């Protein structure tokens with residue numbers, strides 16, 4: 001792996017100090033998992049790039065065991081995969097895999113939006129309203145990182161309101177890959193993204209109004225529009241790369 005795994009976005013902070021500060025808390029495997037997953041999601045670790053247990057353990061000053069556990073966890077949520085030689089590499093993002101993700105998300109979240117509309121309580125509505133406002137405001141300044149974070153947080157909240165732990169677990173496993181796809185695509189499509197978010201607003205409104213079928217339909221519209229933005233964004237990025245722009 002050519003990228004220093006503990007190099008953080010806070011450039012003023014010593015990378016080794018920053019990494020070890022993060023690793024000082026709780027479970028080492030979980031901390032290493034989050035360090036690596038963030039690098040993959042933000043495309044610091046590129047598709048197809050090899051990740052070496054020995055190098056990571058040396059960089060972070062830990063044994064190979066928690067690194068190995070972290071990589072297995074990343075494999076379970078489809079961010080990395082084993083190579084024929086037994087090492088790990090960052091999974092490629094093919095159009096087919098992206099389509100599969102959105103098909104799965106469409107099924108899961110139509111259910112979640114409908115159940116949330118059935119189960120919502122007044123205090124849930126207050127929290128969702130706050131999240132919806134934050135989500136919409138993040139696009140006013142093209143703050144894509146805040147947008148992606150808010151989409152994820154709102155997804156977590158709707159899953160909690162829906163109240164099905166099995167569905168919630170599957171959805172949470174998909175979230176890092178969903179964030180990775182968004183980082184790779186939507187940052188070049190701000191105007192289209194604003195249109196897409198209107199479907200989330202409709203879904204939110206129908207959840208508040210306790211209209212399950214309408215809430216599910218609104219998420220389907222969001223998913224259909226969002227996957228088109230993603231595909232257009234990836235195509236645009238590929239064309240720029242091909243022409244050297």
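Observations, loosely collected:
- Were the residues from residue 129 through residue 191 laid out at 0.36 nm apart, the gain over their Cα-Cα distance would be 20.0 nm.
- Inter-centroid distance (Cα atoms) of the range 68-83 relative to the range 192-211, Å: 34
- Residues listed by number, the range 27-57, amide nitrogen under 11 Å from residue 83 label point at 7 Å toward C-beta: 48-53
- The value of relative contact order for the range 95-243, using C-alpha pairs under 8 Å at least six residues apart, is 37 percent.
- Working from the Cα coordinates of the range 95-243, the gyration tensor eigenvalues give, after taking √(5λ), semi-axes of 26, 17, 13 Å in decreasing order.
- By the count of other C-beta atoms within 10 Å, a proxy for reagent exposure, 173, 59 are ordered fewest to most as 173, 59.
- Exposure proxy for 196, 80: other Cβ atoms within 10 Å of each Cβ, ordered fewest to most, give 196, 80.
- Exposure proxy ranking, count of Cβ atoms within 10 Å, fewest first, for 153, 207: 153, 207
- Taking the convex hull of the alpha carbon positions in the range 70-146 and averaging its projected area over all directions gives 8.0 nm².
- Stretch gain in nm, segment residue 76-residue 164, where the contour uses 0.36 nm per residue and the Cα spacing is subtracted: 29.6 nm
- Spacing of the two label points (7 Å from each Cα toward its C-beta) at residue 34 and residue 99, in nm: 3.7
- Residue 54-residue 107 FRET efficiency (beta carbon distance; Förster radius 51 Å; 0.05 resolution): 0.80
- Two-site FRET efficiency, residue 64 against residue 183, from Cβ-Cβ distance with R₀ of 25 Å, rounded to 0.05: 0.30
- Here each label is just a point 7 Å from Cα along the line to Cβ, and for residue 46 and residue 143 those points are 3.1 nm apart.
Read the figures in this text as sums done on the coordinates, not as results from a lab. Values in this document were obtained by computation on a predicted structure and should not be read as measured data. FYI the Cβ positions are ideal-geometry reconstructions off the backbone, even for glycines, and counts take in every protein chain you see.
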